[in-house]
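Down below is the structure, laid out as structure tokens.
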Amino acid sequence: MGDAQWWQRAVGYQIYPQSFLDTNHDGIGDLAGIQQRIDYLKTLRVDFVWIASFYPSGGVDNGYDVTQYRGVAPQFGTLADFDQLVAALHAADIKVVIDLALNHTSSEHPWFQRALADPTGPYHDYYIWRPTTPDVAPNNWESVFGGSAWTYHEASQAAYLHTFARKQPDLNWENPAVQQEMAAIIQWWADRGVDGFRLDGVTHLKKRADFADVAQPRTGYYQDFAGVTPYLAALKPVLQRNHLLAIGEAGGIDMATAQRWLDPDTGYFDLLLEFDHVHYWEDAEPKLPVAALRENLSKWQLAMADKGWNALFIENHDLPRAVSYYGNPVDYRRRSAKALGLWYLLMKGTPFIYQGQELGLPNAQFDSIADYRDLDSRLYYRQQRAQGVAESKILKQLAAKSRDNARTPFPWNGEAYGGFSDQQPWITPTQLAERVNVERESHDPYSVFTFYRQLIQLKKTVPTLQKGRYELIDTKDDQLYVYRRTYNGDNWLIVVNMSNETATTQEFDLNPSEMIVTNMRIDSASDDTQIQPWEARLYHLRKLE
């Protein structure tokens, strides 16, 4: 790999279509809404969009329980709308990446319906079955959403596997017909002009062949990464011959596997979305583990230095808002949102920005379970209540960690519903829409949006910030994240205080240097030795001799 790979010089933007912009007055965002806001994407200077799942679905898991892979859900528009959107994005020099859920379909998908109708037919083997009786699960495997991962079907006298919801049956990737179906689907969308795919759940595809009980019931039966490679190999030809950007969602992956999967000659992906840096605490502890983040992210940076390329992200549709998860949304919302942007975006790799992140949007601040739409959040609420956990405690946990936190309608202006729609949206809008929205942010020289535009411009125009080596400067504290980017003697230093207390810079030398960017209203003559809470600085250092 090298400079010829366009995605190494690109900045991506993830769109969650049902929450982006509603143009047909039903309270749900649509493809036409994305097309209507292409100028906004150009203003932000992004190079490609990743559009989250828009396929027809059973409505169980927000579009990730697909009923038809070659289509558009009516709530989002039509295939003609999609074709027009792709053409318009390409005309604006923005490439298009779409989702493809590989692990499972909806139980309403025609493949599964045929499997139920004819237990001896070919489609039955599209899914994973074990003979059993109604009251006995084949093993102790559990769904990610809780409860047994098996559901019994009377006519088949067997249970089918669902790693996620009961209405999301797992596909049997051991079956070559499944591999061929998915390759054909990729080709079909490539023929419509798609530039790449974010392949959902690739680390879930290989299940234990012996169907034995496992020590970790929710994860232990699908983490055979070596076993996944034949499936990835089956998709590689269609991805390569169409020159498609291949992004793998790879939760739980280890670095050695990541290096193999990202190898430019023998691997399967261009980018991997791994989640090591977003799973440090389960109960939303108030103190950010900065030292652990330094160690983890630096390991990934060094591991991919010569054997792959990192995907950089701190938000997506499955995560809470970064300013609430990492930052301080109460006392330093704007400042910490900027600090987080400078911290992650200038590392080596391709940055992804999730819609609303560039505005510094915090979590949704829902105070009732009735506000939540996410299947996982609702199931968690019911399970915890059944165990006697106080409602206030559950709601506090969901307010911190629920996937719905990032799925609220995108605020375009201060009007009703943030200008997202003229009808009641499908999910409650953020309470901050009146004062945190595109209209206000885009006209404010000190806004998070303006800061992101500045960072993106630097990332795309400074060679060192694109392909320079990453070097951690370990301050051995739990406040500062400091690293250097170097390339051909050119040196840049990133200094971020990721805490609510003042920190000092005595562990490293800032001279001679010039401060190029800061999230504070100060100039380069300010005190270099004191870093204010959530202050972030970018220095251009003197070239090495």
Counting only residues in segment 321-337 that are under 19 Å from Thr518 (Cβ atoms) and free of Cβ contacts under 8 Å to residues at least 60 places away in the same chain, the one surrounded by the most Cβ atoms within 10 Å (Cβ to Cβ) is identified as Val323
For Tyr221, the lone unmet condition from (1) crowded, with 19+ Cβ neighbours inside 10 Å; (2) of a type outside the set (S, T, N, Q); (3) over 24 Å from the mean Cα position of the chain (by Cα); (4) assigned to a loop (DSSP other than H, G, I, E, B) is (3)
Of the listed residues (Leu359, Leu398), the one being more than 24 Å from Tyr64 (Cβ to Cβ), in contact with a helix residue (DSSP H, G or I) (Cβ under 6 Å, 6 or more places away or on another chain) and in contact (Cβ under 8 Å) with a residue 24 or more places away in the chain is Leu359
Note: among Val66, Val60, Val72, just one is surrounded by 15 or more Cβ atoms within 10 Å (Cβ to Cβ), more than 24 Å from Ile456 (Cα to Cα) and modelled with pLDDT under 95, namely Val60
Taking first residues from segment 133-162 that are without any contact (Cβ under 8 Å) to a residue 12 or more places away in the chain and second residues anywhere that are in a strand (DSSP E or B), the pairs with Cβ under 9 Å that are 6 or more apart or on different chains are Asp135/Tyr152; Val136/Tyr152; Val136/Ala159; Ser148/Glu142; Ser148/Ala159
Exercise for review: Examine segment 481-488 for a residue that is part of a strand (DSSP E or B), within 21 Å of Pro329 (Cα to Cα) and either more than 24 Å from the chain's Cα centre (by Cα) or touching a residue at least 24 places away in the same chain (Cβ under 8 Å) (or both), and state whether such a residue exists.
Suggested key: yes
Within segment 22-53, restricting to residues that are assigned to a loop (DSSP other than H, G, I, E, B) and of a type in the set (D, E, K, R), the one that is nearest to Thr350 (Cα to Cα) is Asp47
Checked Ala117, Ala149, Ala159, Ala137 against criteria (exposed (fewer than 14 other Cβ atoms within 10 Å of the Cβ) and either among the hydrophobic types (A, V, I, L, M, F, W, C) or under 24 Å from Gly227 (Cα atoms) (or both)); the one match is Ala117
Those residues of segment 201-217 which are surrounded by fewer than 16 Cβ atoms within 10 Å (Cβ to Cβ) and at negative phi amount to Ala209, Asp210, Ala212, Asp213, Ala215, Gln216, Pro217
Of the residues in segment 398-425, those that are of a type in the set (Asp, Glu) and part of a helix (DSSP H, G or I) come to Asp404
inquiry  = So, Ala32, is that one modelled with pLDDT of 95 or more and under 18 Å from Gly201 (Cα atoms) or not?
reply    = no
When segment 403-453 is checked residue by residue, the ones that are aromatic (Phe, Trp, Tyr), more than 23 Å from the chain's Cα centre (by Cα) and on the phi < 0 side of the Ramachandran plot are Tyr446
Exercise for the section: Go through the residues of segment 391-410 one by one and say whether even a single one is among the small types (Gly, Ala, Ser), out of contact with any Cys (no Cβ under 6 Å at 6 or more places or on another chain) and within 22 Å of Gly33 (Cβ to Cβ). Expected result: yes
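The values are calculated or read from the model by the stated rules, or taken from the named source; none is laboratory data. The structure displayed is predicted, hence computed values, not measured ones. Here Cβ is always computed from backbone atoms with ideal geometry, including for glycine, and neighbour counts include all displayed protein chains.
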